[in-house]
């Protein structure tokens with residue numbers, strides 16, 4: 001994800017669009033970043049950087065602990081930080097074709113503003129990385145920059161299992177499915193993937209109902225808004241009291257409903 005910003009007279013690739021995830025997902029991404037910045041070796045020694053899992057309600061089905069509803073839709077994170085995953089490695093600048101003046105520790109080395117969406121067959125993950133600073137061309141580049149990784153292709157062959165585009169990424173399972181289904185109709189491929197995702201969400205729905213029945217979903221005070229700006233159904237219900245509306249108000253409401261339907 002790219003857009004231009006100015007820093008020290010140069011253009012820096014920084015994403016300006018709003019994050020494509022909820023506040024709970026943002027909190028999990030932030031916690032993973034903090035843990036890596038604090039002690040990457042300790043954090044990654046017992047975790048797969050390709051699939052850092054959040055705490056799931058499924059892991060506590062036998063306990064009496066209460067869970068937030070948001071925990072059902074927090075997705076795993078793939079943290080691709082080249083100089084930490086392979087100690088001693090310095091990413092190659094895609095413009096200079098050299099790693100001689102690439103800074104991996106300075107104040108110019110920062111996390112990307114918004115991780116890429118990493119699509120899979122049943123759901124998606126967040127592909128997170130850092131921007132590195134090149135002192136030669138005085139510009140930043142992402143750790144998963146395609147050109148940079150091509151210059152170190154021998155290093156990442158068999159180690160980086162994702163397929164990259166400018167705006168998103170695809171994991172090896174989904175890529176294999178697409179390649180194997182190359183001779184099938186696109187609509188048929190779409191229906192298969194849609195059914196897989198539907199089954200996954202239905203399974204999560206059943207698990208959620210089980211926890212609700214067991215009174216292990218933490219309830220919230222009913223109000224029309226949420227801390228992350230998401231509207232609730234309550235806000236769409238009419239207020240109690242005199243609900244009678246005038247003929248003009250009724251005609252205006254129906255006209256707006258028809259316009260919305262047409263749009």
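No lab work stands behind these numbers, since they all come straight from the coordinates. Quick caveat, the model's predicted, so the values are computed rather than measured. All Cβ positions, even for glycine, are placed from backbone atoms using ideal geometry, and neighbour counts span all protein chains on display.
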- Points 7 angstrom from Cα along the Cβ direction at residue 261 and residue 137: gap in nanometres? 5.5 nm
- Query: Given a cut-off of under 8 Å on Cα pairs at least six residues apart, what relative contact order in percent is computed for the range 13-169?
  - Reply: 21 percent
- Task: Determine the gain in length on full extension of the stretch residue 165-residue 183; use 0.36 nm per residue of separation and subtract their C-alpha separation, reporting nm with one decimal.
- Result: 4.2 nm
- Item | Stretchable slack from residue 53 to residue 101, in nm (0.36 nm times residue separation minus alpha-carbon distance) | 13.9 nm
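Expressed in whole Å with the largest first, what are the equivalent ellipsoid semi-axes of the range 107-208 derived from the C-alpha gyration tensor as the square root of 5 times each eigenvalue? Don't skip to the answer; put the middle values down first.
Values: eigenvalues 214, 66, 22 Å².
Semi-axes from the Cα gyration tensor: 33, 18, 11 Å.
Over the range 83-166, what per residue volume does the convex hull of the Cα atoms give, in whole Å³? Each step should come with its number before you reach the end.
Values: hull volume 8.5 nm³, N = 84.
Taking only Cα atoms, the range 83-166 has a hull volume of 101 Å³ per residue.
Quick check on packing: order 125-135, 25-35, 178-188 by the mean number of other C-beta atoms within 10 Å, highest mean leading. Provide the component values of the computation, followed by the final result.
Working: 125-135: 22.1, 25-35: 16.6, 178-188: 9.5.
For the peptides 125-135, 25-35, 178-188, the packing ranking is 125-135, 25-35, 178-188.
Taking the Cβ-Cβ separation of residue 70 and residue 34 as r and a Förster radius of 22 Å, what is the calculated FRET efficiency to the nearest 0.05? Write out the running numbers ahead of the final one.
Values: r = 19 Å, r/R0 = 0.85.
Calculated value: 0.70.
For residue 197 and residue 26 in one chain, what is 0.36 nm times their gap in residues minus the Cα-Cα distance, to one decimal in nm?
Values: separation 171, 0.36 × 171 = 61.56 nm, distance 2.24 nm.
Stretched fully, the residue 197-residue 26 segment lengthens by 59.3 nm.
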- Query: Using Cα pairs under 8 angstrom and six or more residues apart, how large is the relative contact order of the range 85-180, in percent?
  - Reply: 28 percent
- Is the range 32-135 rounded, prolate or oblate when judged by the Cα gyration tensor, a ≥ b ≥ c being the square roots of its eigenvalues, rounded requiring a/c under 1.5 and prolate requiring a/b larger than b/c? prolate
